[in-house]
Amino acid sequence: MLDWLYTAISTVMKWWHAVWSTVLDPAGGLSWALAIMFLVVTIRLILFPLFVKQVKSQRAMQELQPEIAKLRKQYGSDRQGMSQAMMALQKERGVNPLAGCLPILPQIPVFISLFHVLRRLAPGVPGLYGWSDELTDQAARAQLFGAPISASFNMVGAKEAAILGIPGVTYANIRVVAMVLIVIMCVTTFFTQKQIMKRSGPVEGQAATVQRLMLYGMPLSLFASGFFFPIGVLLYWFTNNLWTLGQQFFILRKMPPPGSDAAKAKAAEGKPVVDPRTLAPKPGAKPVRPKPGQPSPATTVGDGAAPTTDGTPTTGNSVDGKAAGGDLTAGPPSAPRPGQTPQNRGKRKRR
């Protein structure tokens, strides 16, 4: 039923093998390894627009989080109402939550097809999926560091006998190469998941639990299943992880997650930088900072006249509001009370 897909994957590999055969040995393992690696490049270039849509969808969902939190508080335990409100909000903002799965879904059948083709590949097998008998036998015998790309860590039956019948091929070489590729595949998968978490931004609750399971669970599951993958499939997965790491590094620089330090730095790039030294007072100048409840310097009485609260001017030489004969705000001097002597009475004049 999926022969058309197997044929498509085999055809792309045959094209790239023909390209690299112009400069490398057609029967060598390097030409077939590069054919598998550039199969990854071809698939990922085709899926790159979907990856951009995935990133934009994730950014849009992050921007909706405050409004989603309000909806949760509004609807409480009403799941149906919450679901309808969420769908209306996503439709209004043009957000498609399924866009986050777009780049992953097409890669699954590609991986399965390559696994199926390389699993059936063995010396003496008739031509597979558009390959000639000669090309099929050549691919089955192609060795990468002494291990055929069609061999796996554990083999049984006729394939095991056919692979070990190739001159110079031993289980030791196969298992050393396979183990190295399995470890590299698991390590790169771990760092890929960490980058995905960084790209998605901080999450809480169930989403954080799922991310943690993916971070540790996926490398462990690949380590267990990698012993049954052919060398070519391990090489495919390793190359796919390298592409993902580079692609996400590029996206994180161009489109940093909202609220991150990189996003804040990018937002500040277009704004002019203000030197705080330009805001400081000039040398010798004292900044005037009137305290609350105190009169400003303009209302201080000096050598001239200054208005009072009732609008009448006052004169004097003192700065505390007192004239040379009494308080400026006290009004005119009053007459002495009965029995009170004048101020200067009894004083002797100076000569």
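So here's what we get for this one:
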item	result
Projected-area mean, the stretch 24-66, by convex hull of Cα positions, square nanometres	3.7 nm²
Linear extension gain, residue 45 paired with residue 253, 0.36 nm per residue minus alpha-carbon span	73.0 nm
Solvent-accessible area, 1.4 Å probe, carbon plus sulfur percent, for the stretch 1-59	77 percent
Residue 211 paired with residue 7, simple spin-label distance in nm, labels 7 Å along Cα-to-beta-carbon	4.5 nm
Cross-link pairs 70/198; 56/194; 14/198; 73/254; 159/194 - those with Cα-Cα distance over 30 Å	14/198; 73/254; 159/194
Surface share of carbon and sulfur [accessible, 1.4 angstrom probe, percent] for the stretch 112-165	59 percent
Net charge of neighbours whose Cβ lies under 14 Å from the Cβ of residue 64, counting Lys and Arg as +1 and Asp and Glu as -1	+3
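The values are calculated or read from the model by the stated rules, or taken from the named source; none is laboratory data. Remember, it's a predicted structure, so these values are computed and weren't measured experimentally. A quick note on method: Cβ atoms are made from the backbone with ideal geometry, for glycine too, and the neighbour counts reach across all protein chains shown. Note: accessible area is taken over every heavy atom of the protein model, side chains too, but ligands, DNA and RNA are not part of it. Shrake-Rupley method; radii C 1.70, N 1.55, O 1.52, S 1.80 Å.
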